[in-house]
1. Of all residues in region 31-62 being among the small types (Gly, Ala, Ser) and out of contact with any Gly (no Cβ under 9 Å at 6 or more places or on another chain), which is nearest to Lys74 (Cα to Cα)?
2. Answer yes or no as to whether Ser284 is in contact with a helix residue (DSSP H, G or I) (Cβ under 6 Å, 6 or more places away or on another chain), closer than 15 Å to Cys156 by Cβ and buried (at least 18 other Cβ atoms within 10 Å of the Cβ).
3. Checking the condition closer than 18 Å to Lys125 by Cα, hydroxyl-bearing (Ser, Thr, Tyr), assigned by TED's automatic domain parsing to the domain that holds Leu250 and crowded, with 22+ Cβ neighbours inside 10 Å, which residue from Tyr193, Tyr183 passes?
4. In region 319-326, is there at least one residue being exposed (fewer than 14 other Cβ atoms within 10 Å of the Cβ), over 29 Å from His177 (Cα atoms) and not assigned by TED's automatic domain parsing to the domain that holds Phe176?
5. Grab the strands (runs of 3 or more DSSP E) fully contained in region 1-106, keeping just those with 1 or more residues being touching a Pro at 6+ places or on another chain (Cβ under 6 Å), under 26 Å from Phe277 (Cβ atoms) and not acidic (Asp, Glu).
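The values are calculated or read from the model by the stated rules, or taken from the named source; none is laboratory data. Here the structure is a predicted model, which is why all the values come from computation and not from measurement. In this analysis, Cβ positions are derived from the backbone assuming ideal geometry, glycine residues included, and neighbour counts consider all displayed protein chains.
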Amino acid sequence: MEIYSSIERILKLESHSNADSLDIASVLGWQVIVKKGQFKEGDLVIYIATDTIVPEIPEFEFLRKEKFRVKPIKLRGVISQGIVFPLSILDKYNIELKEGLDVTAALGIEHYEKPIPACMNGEVKGNFPTILLSKTDEVRIQAYPELLEEFQGKLCYSTVKLDGTSATYVFHNNEFHVCGRNYEYKDTVENVYWSIAKKYNIENILKNTGIAIQGEICGPGIQGNPAGFKQVDFFIFNLVDITTRRVQSLEDMIRFSKHNKIPIVPLDGKFKFSHTFDQLVEMSKGIYTESKNQREGIVIRPEEPCFSNTLQGPLSAKIINPNYKDIT
């Protein structure tokens, strides 16, 4: 589970080249614009990540016009990825302050969840069946610097990150489960998760395989359709063995896709990992083929899945394109 606010150290502090009153602070793998003179290199600070909602308290009043949502912003030509505060905002809490401490709950910070389009907000059958497999929850690599070492030297691949809504399909004990990000849905006429399941005959494909499919649904009416798809479609990004909960390899996914005629997320490249944060950010940049819009970014994984001690799950991470504009 990704941490959205924590006590971190300013690793580097540089002057903003286009603003005399601003500095650029490096925190974890992020760069954050701060007021000049407010901090110095080596200071411990409170870091709040993007894609979060902060509470309506005086410290965050400046975010009211953004409905208290923290987004990436560009200030005088430089991207700022999150916000940092002095440790003093925790003075009223009885907390032992130490580097790396997760303060998300203490500060009342929540992850921003994109609104569910009407075509997906069907009749809920129950919560996501976590007893069978994990939710799709890709972490941002800049939030976990340790992952650079875990990826080091491995044969990896990158896929284009599609901005849609995640879907999970699993057949278990003679029951077919059709799920979104957080819920399982009943079969109703207009529900897009079920429409995709029927389009690709997924229930029959999964019977007696012990395999679950996870992927992204994209297209018109879904998160603004930044990729410019002409119709709603589904793209596999995970095959999971529900007995071992092990993610299958890239070759397994490609083979499954070809055999069952279900597309996978677009492959962006293969490489032996030896990258820095800056190089990964450069890799994330690009445009969607159909729309020519800036793409959301990339996801990187080893070709042969392996366990991450940092994540306590499969080694995998996303890198967001700093030029991508989230329209939700």
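1. It comes out as Gly37.
2. no
3. Tyr193
4. Taking every residue of region 319-326 in turn, at least one turns out to be exposed (fewer than 14 other Cβ atoms within 10 Å of the Cβ), over 29 Å from His177 (Cα atoms) and not assigned by TED's automatic domain parsing to the domain that holds Phe176.
5. Once the strands (runs of 3 or more DSSP E) in region 1-106 are filtered for at least 1 residues that are touching a Pro at 6+ places or on another chain (Cβ under 6 Å), under 26 Å from Phe277 (Cβ atoms) and not acidic (Asp, Glu), what remains is 78-80.
A quick yes/no check of all residues on (1) surrounded by fewer than 17 Cβ atoms within 10 Å (Cβ to Cβ); (2) among the acidic types (Asp, Glu); (3) within 30 Å of Ser80 (Cα to Cα):
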{"position": "Gly228", "(1), (2), (3)": "yes, no, yes"}
{"position": "Thr243", "(1), (2), (3)": "yes, no, no"}
{"position": "Val265", "(1), (2), (3)": "no, no, yes"}
{"position": "Glu303", "(1), (2), (3)": "yes, yes, no"}
{"position": "Pro314", "(1), (2), (3)": "no, no, yes"}
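Residues checked against (1) surrounded by 15 or more Cβ atoms within 10 Å (Cβ to Cβ); (2) farther than 20 Å from Asn323 by Cα; (3) of a type in the set (A, V, I, L, M); (4) at pLDDT 90 or above:
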| position | (1), (2), (3), (4) |
| --- | --- |
| Ile10 | yes, yes, yes, yes |
| Asp23 | yes, yes, no, yes |
| Glu41 | no, yes, no, yes |
| Val45 | yes, yes, yes, yes |
| Glu56 | no, yes, no, yes |
| Arg76 | no, no, no, no |
| Ile83 | yes, no, yes, yes |
